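The values are calculated or read from the model by the stated rules, or taken from the named source; none is laboratory data. Computed from a predicted model, the values in this text were never measured in an experiment. Please note: Cβ atoms are built from the backbone with ideal geometry, for glycine as well, and neighbour counts cover all protein chains shown. Just so you know, the surface numbers come from the protein's heavy atoms only, side chains and all, with ligands and any DNA or RNA stripped out. Shrake-Rupley method; radii C 1.70, N 1.55, O 1.52, S 1.80 Å.
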Amino acid sequence: VAMEPYIVTLTEASEVFPLFQHAGTELIYMLEGEMDYRHAGAVYRLAAGDSLYFDGEAPHGPESLLVLPIRFLSIIAYTPAST
């Protein structure tokens with residue numbers, strides 16, 4: 001399994017929230033702040049200590065930034081067939 005770890009920081013300067021799609025699965029772990037996060041047709045309220053694990057092929061991304069700054073770990077895992 002190949003993995004790509006990121007630390008993402010969103011601040012008041014973050015205004016455009018594109019939706020992402022990619023192979024593999026993704027885990028988000030919230031470190032700080034609060035946001036609404038869209039995955040496919042659902043929206044999840046995430047705050048510090050929350051996590052979300054999902055299929056990366058469905059459209060996903062931040063929908064609303066509620067408590068700034070927002071920092072979270074994003075870890076994308078690819079199986080050999082999805083790279």
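Structural remarks
- Out of Ile70, Ile75, sole residue that is in contact (Cβ under 8 Å) with a residue 40 or more places away in the chain, surrounded by 14 or more Cβ atoms within 10 Å (Cβ to Cβ) and in contact with a Pro (Cβ under 6 Å, 6 or more places away or on another chain): Ile75
- For the residues Tyr53, Tyr44, Tyr37, the requirement of being over 17 Å from Val1 (Cα atoms), at pLDDT 95 or above, open to solvent by 60 Å² or more (accessible area, probe 1.4 Å) and not in a loop (DSSP other than H, G, I, E, B) singles out Tyr44.
- The residue of the range 25-34 that is farthest from Pro59 (Cα to Cα), among those that are surrounded by 19 or more Cβ atoms within 10 Å (Cβ to Cβ) and not charged (D, E, K, R), is Gly33.
- If the condition is being within 29 Å of Pro80 (Cβ to Cβ) and free of Cβ contacts under 8 Å to residues at least 24 places away in the same chain, then the range 15-41 contributes His39, Ala40.
- Glu12 being touching a strand residue (DSSP E or B) at 6+ places or on another chain (Cβ under 6 Å), touching a residue at least 12 places away in the same chain (Cβ under 8 Å), in a strand (DSSP E or B) and acidic (Asp, Glu): no
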